[in-house]
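The values are calculated or read from the model by the stated rules, or taken from the named source; none is laboratory data. On a predicted model such as this, the values are computed, not experimentally measured, just so you know. Note that each Cβ is placed from the backbone with ideal geometry, even for glycine, and that neighbours are counted across all protein chains shown.
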Amino acid sequence: MRINIFIKPFITILFFILMLPSIIFSQPKVFVVGDSKPEIPPLLVSKAENEAKLIGYTHANKTLIISAEVMGKIIKINYDIGDVIKDRPFIEIDTTFIDFEIERAKNSQKTLQLKLENANSQINYINKEYQRIETLYKSQRASEVQIESSRQGLEQAQIAFQTLSQEGEILKITLRELEERKKRFRITAPSGYIVTDRFVEEGNIIQPGIMLAKVSDFQKLVVPISVTNEEMIAITSLPENFKGELDGKPVKLNVDWINPKFDELTRKLAVKLVIKDYNGLRRGGLKLLLPLKVKSEGLLIPKAAILNRYANPKVKIKKTGVSVPVLILGEEGDDIVVVEDQRLQPGIELLPAPTN
């Protein structure tokens, strides 16, 4: 009897422990309305691509040759290599002799002006004399010879005045030409350009057409590169502004121009790229890396679509259910590179391979 007293409570506790999980997990399940399985992205055939990096180096947007238009002696050079062109002229040439010519032309103008005033005075006097003789001739107190002589004198004075006026116009043109030539004695370069070469010094005698210096525009950096046809297709498929890496810093680029001329030696095309937002030191020789995805031979098939049994890989087209054997060339991430097949065109959707 004493044993039964201790056994009964023990059996009751044991029974409760064994039944506890079934009580807990027997609660009714709650389903949330609207729950659905995540959509599986379609398994599409695509063209195989290779990762490529084009390398180029920065150049100045423009380079100009500075040359002389006149002969003379250099008296001052305001910029050296590496200097940025500002308001002052690049090179100043001695203007002593051109100044003498301008002064001579101005003095000739003054002399001619005096001659014009004198000629005009003569015309006025002869014209009055002609009018007096004409009045006498009408009253028959002057002969026809007198009035004809007076008329010829007036015409000759007017012709002389016109000749002097024409000489005055020629002198004006000569003076403007001399002043324009004098401007050429101050050799300028575009503002903002940088001097990259200089071939003369102060005191040198220069001739027209001689190369004095070179200046370059680094305000806009450009990168000339040569590309294959496949790389050209990849570049033209990029957005208008695309990304690259210049001297280790991310930058934006766009295409300045594409030369349609084909280089038969390198079998490439010339392209010029423009750097858009680089804030570092603007100079030549900065290295540009441009990542590209270049189309290559073969097709990309998602791994989930390939059924590989008995070393005989194949895929099944979703629309037709046709199985197509494939020849594997390699792997790229979650895709398999296979040999191209006319039945498998880019964009065709495939069925997922059975997991069993």
Does at least one position in the stretch 280-296 carry a residue that is surrounded by 16 or more Cβ atoms within 10 Å (Cβ to Cβ), farther than 30 Å from Glu240 by Cβ and of a type in the set (Val, Ile, Thr)?
-> no
Of Leu273, Leu269, Leu344, Leu351, which residue is under 30 Å from Val195 (Cβ atoms), in contact with a strand residue (DSSP E or B) (Cβ under 9 Å, 6 or more places away or on another chain) and buried (at least 16 other Cβ atoms within 10 Å of the Cβ)?
-> Leu273
Report whether or not Pro291 is free of Cβ contacts under 8 Å to residues at least 24 places away in the same chain and more than 18 Å from the chain's Cα centre (by Cα).
-> no
Restricting the stretch 18-62 to residues that are basic (Lys, Arg) and more than 19 Å from Pro302 (Cβ to Cβ), the residue that is modelled with the lowest pLDDT = Lys29
Quick check: is even one residue across the stretch 153-164 under 30 Å from Val70 (Cα atoms) and among the charged types (D, E, K, R)?
-> no
Failed condition for Ile102, given (1) modelled with pLDDT under 95; (2) in contact with a helix residue (DSSP H, G or I) (Cβ under 8 Å, 6 or more places away or on another chain); (3) over 30 Å from Val251 (Cα atoms), with all others met?
-> (1)
The residue from Ile81, Ile85, Ile75 that alone is among the β-branched types (Val, Ile, Thr) and either touching a Phe, Trp or Tyr at 6+ places or on another chain (Cβ under 6 Å) or at pLDDT below 95 (or both) is Ile85
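Quick grid of which residues meet (1) touching a residue at least 12 places away in the same chain (Cβ under 8 Å); (2) under 17 Å from Lys47 (Cα atoms); (3) acidic (Asp, Glu); (4) not in a strand (DSSP E or B):
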residue: Lys314; (1), (2), (3), (4): yes, no, no, no
residue: Leu329; (1), (2), (3), (4): yes, yes, no, no
residue: Ile336; (1), (2), (3), (4): yes, yes, no, no
residue: Ala353; (1), (2), (3), (4): yes, no, no, yes
Just wondering, is there one or more residues in the stretch 99-122 that are acidic (Asp, Glu), in contact (Cβ under 8 Å) with a residue 12 or more places away in the chain and under 30 Å from Val70 (Cβ atoms)?
-> yes
